[in-house]
1. Lysines near Lys381 by alpha-carbon distance under 18 Å, same-chain residues fewer than 8 away left out - which ones?
2. Full-extension gain between Leu513 and Asn208, please, as 0.36 nm times their residue separation minus the C-alpha to C-alpha distance.
3. How do the peptides 377-383, 218-224, 159-165, 240-246 rank, highest first, by the average count of neighbouring beta carbon atoms within 10 Å per residue?
4. On the protein heavy atoms, probe 1.4 angstrom, tell me the percent of accessible surface of the range 434-557 carried by carbon and sulfur.
5. Step through the residues of the range 378-389 one at a time and calculate ³J(HN,Hα) from phi using the Karplus curve (6.51 cos²θ - 1.76 cosθ + 1.60, θ = phi - 60°), rounding each to whole Hz and writing x for Gly and Pro.
6. Would you please give the FRET efficiency between Ala528 and Ala588, computed as 1/(1 + (r/R0)^6) with r the Cβ-Cβ distance and R0 = 30 Å, to the nearest 0.05?
7. Can you list the aspartates and glutamates whose alpha carbon is less than 19 Å from that of Lys300, not counting same-chain residues fewer than 8 positions off?
8. Considering only DSSP beta bridges where both residues belong to the chain, give the percentage that are antiparallel (nearest 5).
Amino acid sequence: MKTHSIRPLRILAITSQLTTASFAAFPTLKLEPVVLQQLFSPTNITSAPDASGRVFICDQPGKIHILQNGMILPVPFLDVGSKMVPIGTGPSERGLLGIAFHPGFADSASPGYRKFYLNYSAPNGTNPPTPQNHVTVIAEYQASTSQPNLADPLSERIVLTFGQPQSNHNGGQLEFGPDGYLYIATGDGGSSDDNNSGHTGGSDLKPNGILGNGQDRRSLLGKILRIDPIDPDGAGPLTYSIPPGNPFIGQTQDFTNNALDGPMRGEIYAYGLRNPWRFSFDKRPGGTNRLFCGDVGQLKVEEINLITLGGNYGWRYREGAFDFDPAMLAAGLAPVSSIDPVAQYAHPGSQTDFTGLPKLGIAVTGGYVYRGAAIPALQGKYLFADYGGTNARIMGLEETPPDSGAFTLTQAVPLVGGNPFSRRLATFGENGGGEIFVGTKQNPGVMQLTENLPGGEIYQIVPENYQPPPYQAWRTTFFPTLKTGQYLDPEGDSDGDGIGNQIEYAYGFSPLLANTSAETGFSASKNASDFTVTFRRDPAATDLVYHLQISPDLVSWTTIATSTGGSAATGINGGEVLSDAAFPGQSAFRLVTVRDDAGGHRFARLRTVR
């Protein structure tokens, strides 16, 4: 939330189970541009649990940007690019892949106060496996105490690292669950088939009938992990703790082939995944707390899974609900059971029927169950997408009937402008109110440019009849050359008249034409018994809150009147609104007069909050 003021005035003077049950159709949605041509490749969009309204965006080359009041702040929250493997103009699955804020981020009594966590790709280290392409780092950082829009780059504490044999299939999602623990998505290590050097039993010869990393519970790869990232004692060897309810703590993997035996990793929550690309908990009010996860397939089947404690999702024995390497059965390595997806679809170029699966895309992107307020008809429905190559597709799932475990797949949700659409859809995200955003790319490469500008984009999913907030329309009218989401300093003074841009908006002025003090209506008078202040307001500025404040010393300020959402002013803290009438000669605006009966010399100022 951003506040601004004028100068003080001193007064001395697809599911695998398709169902035919009835369900509410998805409403027509619209993708409203929020940020264009300022990001390279958005990988994660989230909010902090602090009621600030800020949205944090991870850009794959290493910067975390803050979206506040519809604008990208000019200074990144944090830049970890120097710690990562080099990211260039070509395609890559490495980089800054995830961010999650501790549930106690805003609670000074919590051990998670000001803490957040990143997932990024660092150069080779000493971690297994061998060979090694890079290292996944889960790191803890802290936000600055004095500058909340900046993180402390020196606060990094490494929580967990593990090697990656190839460059792709890194997962990367981080999210705190309803239980307060940190969940981490990891891919199977890369290459293809979960079968190459660095994959259990694999080699560059790609033998059949091997275990692979996804099924090997001695490996952290191809899993959903669950940890408590707070350092339990501030000392080694672990810099985190393993929740006591994790399913494989103290257990030993036992196969006929003794070479595959050994202690399982206690960090594992679920396994048998290939490249879990974006998961989310349905944990907002009205939600079920279930964990939805998209898992990218091996050229044939894409899937959405409901992740459960100890669940095995089949990879590399199965892809989706279909056999992938039946030779694992003869080798004694097939799982006793695995969990089918709740939705799946095939690739357009696939030659196999897959028992009638629709052929919709090439790489799934997991999404969110909608629990926001702006689109009531979308409540409880799950949105996800296919990355699309050049034609992204937004799809939907609804459980029909509720709690049945059967989901109806909407192959293309109704979308203004058409669906599929010509973008690559890389990620979904939420703001603090549960409204959903999507991150897209114009280019296949990470830092590849379009017309000398970055090709990453952020859109918000809104109703089809959505109208932009008044400030956004005002900004577009007067600053049409600014790119969507580009920063315009609210405290800047574009016309040099001493009135900041946001206050110009509050008065209904043009920020490009100088105004006089008489036109602002801002004045004050004092007599022996009371103090009277007037200010101008614009009823059309419905996304503003006006605060008229007074002070005896320019240090402590008291709000004596407010106007919210274009409504009439209300007196508080002893302030009495004497009038809220048409501004003389300009009936579209209002002139508010407020009286305060406290004594002493006074200063007055007008503050606005968006």
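1. Output for Lys381: Lys30, Lys283.
2. Numbers: separation 305, 0.36 × 305 = 109.80 nm, distance 7.37 nm.
Length difference between fully extended and current span is 102.4 nm.
3. Sorting 377-383, 218-224, 159-165, 240-246 by mean packing, highest first, produces 218-224, 159-165, 377-383, 240-246.
4. Whole-percent figure for carbon plus sulfur exposure: 53.
5. For the range 378-389, the Karplus-derived couplings read 9, 3, x, 8, 9, 9, 8, 8, 10, 3, x, x Hz, x marking Gly and Pro.
6. Efficiency at R0 = 30 Å is approximately 0.25.
7. Candidates past the 8-residue exclusion: Asp188, Asp193, Asp194, Glu319, Asp323, Asp325, Asp340, Asp353, Asp386.
8. 95
The values are calculated or read from the model by the stated rules, or taken from the named source; none is laboratory data. This is a predicted model, so every value here is computed, not measured. For neighbour counting, all protein chains shown are included, and Cβ atoms are generated from backbone atoms with ideal geometry for every residue, glycine included. Quick note on the areas: whole protein, heavy atoms, side chains included, nothing else; ligands and nucleic acids left out. Shrake-Rupley method; radii C 1.70, N 1.55, O 1.52, S 1.80 Å.
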